[in-house]
Structure formats: structure tokens, C-alpha cells
Amino acid sequence: MPRRIIPLTDMKVQKVKPKDKPFSLFDGGGLYLLITPSGGKLWRFKYRFNNKEKKLAFGSYPEISLLDARRRRDDARRLLANSVDPGDVRKAQKQANIQETETFEVMAREWHARFISTWTIGHAETIMSRLERDLFPWIGKRPIAAIKAPELLAVLRRVESRGALESAHRIRTICGQVFRYAVATGRAERDPAADLKGALPQPAEKHMAAITEPKKVAELLRAIDSYQGSFVVKYALQLAPLVFVRPGELRHAEWAEIDFENAQWNIPAGKMKMKEPHLVPLSRQAIEILTELKELTGASRYIFPSGRSFDRPMSNNAILAALRRMGYTKDEMSAHGFRAMARTMLDEILQIRPDFIEHQLAHAVRDPNGRAYNRTAHLNERIKMMQIWADYLDGLRVGAKVLQFKKTT
């Protein structure tokens, strides 16, 4: 049983005397006061991030009071609760030669920590990845109030120059959100990203590549079964067509969300694009895959952990890279394509009611009064649909007679 920590008092902090060796007085929540042999009283915060123990210095007493130290501890714990390392924020602040809250990087990390709870995990990771790869190296240390439209445009054109025009547009949107946050909090006067509307060419309309022709789907399923890469990725590829959730929802799946007894996967609202909890009925084939996989990754929080650490989900490029390794180009099949595959074939070949399919895709479906259906709507029909779909895919895999499209497009 962990030892109960009695919080410090101002009197105790004020009167504590040094000893021959450094020692610590703990306040709770990771905050402690380090007393040095010379009489120094230094505030420290101990925490864990990505399964590593880390420490932060909060300053010395009495310059930093007990109340101030607790406030800094609470700020750091809020960042940790949102999967942000307070050490990263501190590092960005120290690298700045100006007031610590005014660089673009510090402002962007503060904005990210403030709004991370409103995003899905995958979306939050994508935003931070774009910030760290495409923005921080160029304007991260710049005073946010000093950044003008031409400087920002130069950064976006670097992204465009590598053939990522759509990413450049998304990064401009992210910049606009960061600058507007800076304006709202009094750290900038205006949003220069707004001045760049129309400065970049519009990307061509893009559709997620998907295989929907039965014979080619059969070939894909057999290719997945023969995949020679990571077992975790192979299982993810096998499960993807059976559940047809979004790629981010699949790779962030946790064992705690799987109800083996009722053959259901309960995805919490925070992981869903529409911010509504979602229920995925699991076919017999899906349960078999998960049962086998539990022997391999059951010790991890994640069903599909990273190859480097059980504490993180697998990479967002893992499935895409596996498809490319199997010989499928970006114009043939994407990680998102399993959704389009299911939607098209359930409707046009298996003749499943479209509203059942849309519910299972977690799209916004409303009743005649305009109200959103709850996650258990048409559950019995969806359970049957998911088993019919899994059995149909099994038939394709082993070369059974292929049902052709029944509708003309």
C-alpha cells in the first residue's frame, strides 16, 4: 500500500534546516522540495512520460512560494493528462531568447494542449506531427507577433514543393488556429494565415483508393493472409475489412474496449470523428483473430502496439506501408479503402439496407425528426450484417462463386 504523503505547509518549508546530504520533502502529486547542504530550497516536479521518469525544476524558495510551486505542478499535470510532455514545452521556452510565452512553437504547443481533449487521438497526433516536421524548424523560435504573411507563405511553399499541396492547405489551417489563439490570449495582433487565402493552388479532388471488384478483393484477402511482415500488422490487415472502422480508430483500439462475451467492440466518443461512442458487432471471424492476437499483445494496453514499444499504438503508416509492400499502389488501395470496400459491396452486391451500412460506418444518420440515432440503433440487423459480410469475404478468399454487382452505377 503506497505511503500517504502529508502536504507541506508554509511554516515547514520556511523552518526546515539543511543536513550533511541533500534530502527531499514531498508535497504530493510529484511535487517536492529539495534541500541542499548549503541551505538551498529547490522546487522539483517528478513525473513519468512514455514510461520514463523525468524531472522539472520550478525554481527556488522563497522566490517561488509553496502556492506558486503547486500551481506550476498543476499546470504540468494538466499537460500530462492531455498526453503532452511538460518538458517539451519547457525546452521550447528555454530555447527562445524572448519572453517565454511569445514564440510560435511555445504558442502552438500551448494551443495543442488546450484543445487536445476535443480531438480524436489520431487527429491530435497528426497535428503535432505537422507542427514538428513542417513548422517548428522554420518559424518555431520566431516571435509569433512578428511573423508576417510572406514568411508563412515561404514555409507553406516548402511543403507544396515536395508534392504535398493538400498538406500545405491543412498546415495553413493549423497556423490560422494557432494565430487566432495567440490573438485571443493577447500574444499577437492578427492572423497572417488569413491573408494567404488563395495564395496556394487548390488541390485536385482526391478520393481514397479502394478495391471494390470481388475478384480483386479476393486477391487482396489472399495477399494479406500471405503477408510476411510484422504479425501485429498482419492481424490488423485481417481485421480491417471485417470491422471497416477508420484507420485511426483501428490502430488505437484497446483491449479494454473489447467485449468478448457479447462479441462487441465499444469505441469511446473521444476516439471517434463524430465525437459519439460507436459500437462494432464482431463476427465470428473477427473474434477468432482477436483471440489469437491476445496471446501476442494482451500485455499491452493497445491491441495493435508499436513494434518499438507496447506503450504506444502502431504507426499510422503501418497498414499503408504493408499494402505497398504487397504491391498495391496509392491509386489501387489505401488504409481508408476498407471502408469504401464494405460500403460499396454491402450495398450493391449483398443488398443490405443503406441506413444499416451508414450506421455501422459511424456516419451521421438521423431519424425522420432530425435526431441522431444512438449507437445501438438497428443493432440486431447490424450484427447479422457483419456476420454475412465476414462469411462473404471468407467465400471470396477460398474462391467460392463470386456474386456480381446487382445495381448499375
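The values are calculated or read from the model by the stated rules, or taken from the named source; none is laboratory data. Just so we're clear, the structure is a prediction, and the values are computed from it rather than from any experiment. Please note: Cβ atoms are built from the backbone with ideal geometry, for glycine as well, and neighbour counts cover all protein chains shown.
At a glance:
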| quantity | calculated |
| --- | --- |
| Single unsatisfied condition, GLY198 versus (1) at pLDDT 90 or above; (2) over 26 Å from ALA113 (Cα atoms) | (1) |
| Those residues of the stretch 89-116 which are at pLDDT below 80 and polar (S, T, N, Q), in sequence order | GLN93, GLN95, ASN97, GLN99, THR101 |
| Search result, residues across the stretch 272-306 that are over 25 Å from ILE116 (Cβ atoms), assigned to a loop (DSSP other than H, G, I, E, B) and in contact (Cβ under 8 Å) with a residue 12 or more places away in the chain | LEU282, SER283, GLY298 |
| TYR181, sole failed condition from (1) modelled with pLDDT of 90 or more; (2) within 22 Å of the chain's Cα centre (by Cα); (3) under 28 Å from LEU320 (Cβ atoms) | (3) |
| Matching helices (runs of 4 or more DSSP H) fully within the stretch 109-174 where at least 1 residues are crowded, with 17+ Cβ neighbours inside 10 Å and over 20 Å from the mean Cα position of the chain (by Cα) | 136-139, 149-161 |
| Complete set of residues in the stretch 321-339 that are under 17 Å from GLU219 (Cα atoms), of a type in the set (A, V, I, L, M, F, W, C) and in a helix (DSSP H, G or I) | ALA322, LEU323, PHE338 |
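Yes/no per residue for (1) surrounded by 20 or more Cβ atoms within 10 Å (Cβ to Cβ); (2) part of a loop (DSSP other than H, G, I, E, B); (3) assigned by TED's automatic domain parsing to the domain that holds ALA321:
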| residue | (1), (2), (3) |
| --- | --- |
| ARG222 | no, no, yes |
| TYR227 | no, yes, yes |
| LYS234 | no, no, yes |
| ALA240 | yes, no, yes |
| VAL245 | yes, yes, yes |
| GLY248 | yes, no, yes |
| ALA256 | no, no, yes |
| ASN266 | no, no, yes |
| GLY270 | no, no, yes |
